[in-house]
Amino acid sequence: MSFDKQPFLTSESLTLRPLADLDHAGLFAAAQDPLTWAGHHAPDRYKPEAFAAYFAALLKSGSTLTIIDNATAKIIGCSAYYTAPDRPDTISIGFTFLERRYWGGKTNLTIKTLMLEHAFASFADVWFHIGPNNLRSQNATLKLGAKFVEDVTLNLGGSPAPWKVYKLTNTDWRQRATLSS
């Protein structure tokens, strides 16, 4: 199956486009708050050297989307599609971070709606792997309609680490959307 892991996705408020080398400065500016990385496996990504390695890995993946606020044309974060090693025929969404001032509103839902609609055109399920200490992302994923499946240890970012695994079916996503409207 051919799946475009770097589509151009747009809404009224956001544009998601393929990550480019020229995005480094804008993405680093969005990543400089240490609280952004609380609960992540690499809590020091707000530091230039840690961020540089992270950015290089995102760029190399060929599956990361830069998130731009249409009102300001400013980069506010990124997210990615990936295939987890234990589920080779599936698609996952993750490695998402947002500038902290965009937390708590509709931004994450808009990002995930764009990405989920694209993914569900090719897959029946979408998977999420979230760090065990990242309660904010776990709660946001549950709000999408995803269900907790299991705890695993996987190498998703350079070394084995513990993850909480969630699955969102197209059916559950559509039910959640119907209940919300």
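A few points about this structure:
- Residue in the stretch 28-46 that is among the charged types (D, E, K, R), surrounded by 17 or more Cβ atoms within 10 Å (Cβ to Cβ) and out of contact with any Asp or Glu (no Cβ under 8 Å at 6 or more places or on another chain) present: yes
- Unmet criterion (only one of (1) open to solvent by less than 60 Å² (accessible area, probe 1.4 Å); (2) in contact (Cβ under 8 Å) with a residue 60 or more places away in the chain; (3) touching a helix residue (DSSP H, G or I) at 6+ places or on another chain (Cβ under 6 Å)) for ARG100: (1)
Here is a yes/no grid of residues against (1) in contact with a Lys or Arg (Cβ under 6 Å, 6 or more places away or on another chain); (2) modelled with pLDDT of 95 or more; (3) under 30 Å from THR169 (Cα atoms):
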residue: PHE28; (1), (2), (3): no, yes, no
residue: PRO34; (1), (2), (3): no, no, no
residue: HIS40; (1), (2), (3): no, no, yes
residue: PRO43; (1), (2), (3): no, no, no
residue: ARG100; (1), (2), (3): no, no, yes
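- Scan of the stretch 136-151 for residues that are more than 15 Å from ASN170 (Cα to Cα) and part of a strand (DSSP E or B), ordered by number: PHE148, VAL149, GLU150, ASP151
- Condition check for ALA119: in a loop (DSSP other than H, G, I, E, B) and open to solvent by less than 50 Å² (accessible area, probe 1.4 Å): no
- LEU168 vs. criteria among the aliphatic types (A, V, I, L, M), modelled with pLDDT of 95 or more and either over 15 Å from SER92 (Cβ atoms) or in a loop (DSSP other than H, G, I, E, B) (or both): no
- Where strands (runs of 3 or more DSSP E) sit wholly within the stretch 50-100, those with at least 2 residues that are farther than 20 Å from ALA38 by Cα occupy 64-69, 74-82.
- In the set ALA50, ALA80, ALA71, only one residue is crowded, with 17+ Cβ neighbours inside 10 Å and on the phi < 0 side of the Ramachandran plot; that residue is ALA80.
- When ILE111 is tested against (1) in contact with a Leu (Cβ under 8 Å, 6 or more places away or on another chain); (2) β-branched (Val, Ile, Thr); (3) open to solvent by 40 Å² or more (accessible area, probe 1.4 Å), exactly one condition is not met: (3).
The values are calculated or read from the model by the stated rules, or taken from the named source; none is laboratory data. All figures in this text were calculated on a predicted structure; none of them were measured in a lab. Positions of Cβ are backbone-derived with ideal geometry, glycine not excepted, and every protein chain shown enters the neighbour counts. All accessible areas refer to the heavy atoms of the entire protein, side chains included, with ligands and DNA or RNA removed. Shrake-Rupley method; radii C 1.70, N 1.55, O 1.52, S 1.80 Å.
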